[in-house]
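Just below is one structure, and these are the notes that go with it.
Nothing in this text is a laboratory measurement; each read-out follows from the coordinates by a stated rule. No experiment lies behind these values; they were computed from the predicted model shown. Note: ideal-geometry Cβ built from the backbone for every residue, glycine included; neighbour counts use all protein chains shown.
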Amino acid sequence: MNLVELTDAEFVKFRDLIYRASGILIGENKRVLVSNRVRRRLRATGIAGYSQYFDFLRSPAGTSEMQPFLDVVTTNETYFFRDASHYQWLGDEYLSGAIQEASARRRPRSLRLWSAACSTGEEPYSMALKLTARRRELAGWRLEILGTDLSASVLATARSGVYDDRALHRVGPDDRRTYFDESPPGRWTLKPEIRSMVTFRSHNLLFPLGGEPFDCIFLKNVLIYFDAASKRKVVDVILAALARGGNLVIGPTEGIQGMLGSLEKVKPWLYRKGG
Ligand SMILES: C[S@@+](CC[C@H](N)C(=O)[O-])C[C@H]1O[C@@H](n2cnc3c(N)ncnc32)[C@H](O)[C@@H]1O
C-alpha cells in the first residue's frame with residue numbers, strides 16, 4: 001500500500017469533502033500537505049489506507065472522526081497582537097469613541113466583541129488585554145468577548161490559556177508579568193481574570209451564529225483558501241451578526257473587500273455598518 005501520497009482520485013475526494021465541510025478550497029499544489037496531514041489520522045485510527053479512511057469518514061461509524069480530520073487539515077497559525085495596527089485602533093480610537101458615546105448617553109455601556117475563527121485564542125485574549133488596559137473607564141460595563149472556531153482541538157488550547165514564547169513575542173514585559181504566570185520558563189499561563197473575559201464556542205463560519213449582534217468583529221487570516229462562493233456565505237453570516245454602527249476588522253488575505261459594499265470603508269482593513 002502506497003501511503004506516501006494520495007492518488008489523483010483520492011486527492012479529489014478529500015479536497016471535495018474539505019470544501020463541503022469547511023469552505024476551504026485546497027489547491028492542486030497542496031497534495032503533499034494533505035497527504036501528510038491525513039496520514040496522521042491514519043496512524044491515530046489504525047486505518048491502513050487513504051481510501052479506507054475516506055470511506056470510514058463518510059460512514060455512520062465515522063461521524064466522530066470528522067472533527068479530528070478537520071483539526072488536522074486546517075491551518076491554525078496565530079499569536080498575540082497579530083497586526084499591531086488593529087489592536088492599536090481597538091485599544092485607543094475604538095474604545096475612546098465608545099466610552100465618550102456612552103458618557104453622552106448615545107450608546108449603552110456594553111460591548112460585544114467576536115473573534116471569528118480564533119484558533120488557539122490569542123486573538124480574543126488580545127482583545128481582552130486591550131479592554132483590561134482601560135478597565136477603570138469601563139467599570140460597570142457589560143463586556144463580552146466570544147471566540148469561535150471550527151476546530152475543537154484549537155478551542156481546547158484556547159480554553160487552557162497556556163502559550164509558548166513564540167505566541168507571546170508581541171507581548172511586552174509588563175503585560176507578561178501582570179497577566180501571565182510563567183512556569184516552567186517559556187510556558188505562559190494567562191491569569192484567570194483574563195481567561196474569564198472570553199467565552200469559546202465551536203462554530204462553522206458557513207452557518208449563521210445566532211444570538212445578539214456584535215459591536216466589533218475580527219475576521220482575520222481565515223478566508224485565504226476559501227473560494228468566492230464560500231467567502232460570500234461567510235460575509236453574509238458576518239454581516240448578519242454585526243450590530244448597526246458595528247465595526248468589522250479583516251485580515252490582509254481575506255480577499256472580501258469587493259463583497260463589503262454595504263459597509264463604509266474606514267481603513268483598508270476596517271469597515272463599519274451604517275447606524
Ligand atoms: C490561521 S487561523 C487564524 C487565527 C486568527 N484569526 C488570526 O488571525 O491569528 C485560521 C483558523 O480558521 C479556522 N477555520 C477554517 N475554516 C473555518 C470555518 N469554516 N469556520 C470556522 N473556522 C474555520 C481554522 O480552524 C483556524 O483555526
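Some observations on this one:
- Solvent-free Debye scattering, log10 I(q)/I(0), computed from the Cα coordinates of the stretch 136-201 at q = 0.17, 0.29 Å⁻¹: -0.71, -1.27
- When shorter helices are ignored and each DSSP H run of at least 4 residues is given -39500 (n - 2.57), the per-residue value for the chain at 222 nm works out to -11500 deg cm²/dmol.
- Whether the stretch 81-221 is rounded, prolate or oblate, judged on the alpha carbon gyration tensor where a/c under 1.5 counts as rounded: oblate
- Extension gain (nm, one decimal) between residue 52 and residue 253, 0.36 nm per residue minus Cα-Cα: 68.8 nm
- Rg and Dmax of the chain, Cα atoms only, in Å: 20.3, 71
- Relative to the current alpha-carbon distance between residue 137 and residue 174, full extension at 0.36 nm per residue lengthens the span by 11.3 nm.
- The region of the chain that goes longest without hitting one of the trypsin sites (Lys or Arg not before Pro) in a DSSP loop, each with at most 16 other Cβ atoms within 10 Å, is 171-275.
- Over the stretch 8-73, Cα pairs under 8 Å with separation of 6+ residues give a relative contact order of 31 percent.
- For the chain, the number of Lys pairs with C-alpha atoms closer than 17 Å, counting only pairs eight or more positions apart or on separate chains, is 7.
- Pairwise Cα inverse-distance average, inverted: Kirkwood Rh of the stretch 12-122 (Å): 17.5
- Fully extending the segment from residue 100 to residue 16, taken as 0.36 nm per residue of separation minus the present Cα-Cα distance, adds 25.3 nm.
- Percent of Cα-Cα distances greater than 20 Å, calculated over the stretch 8-73: 16
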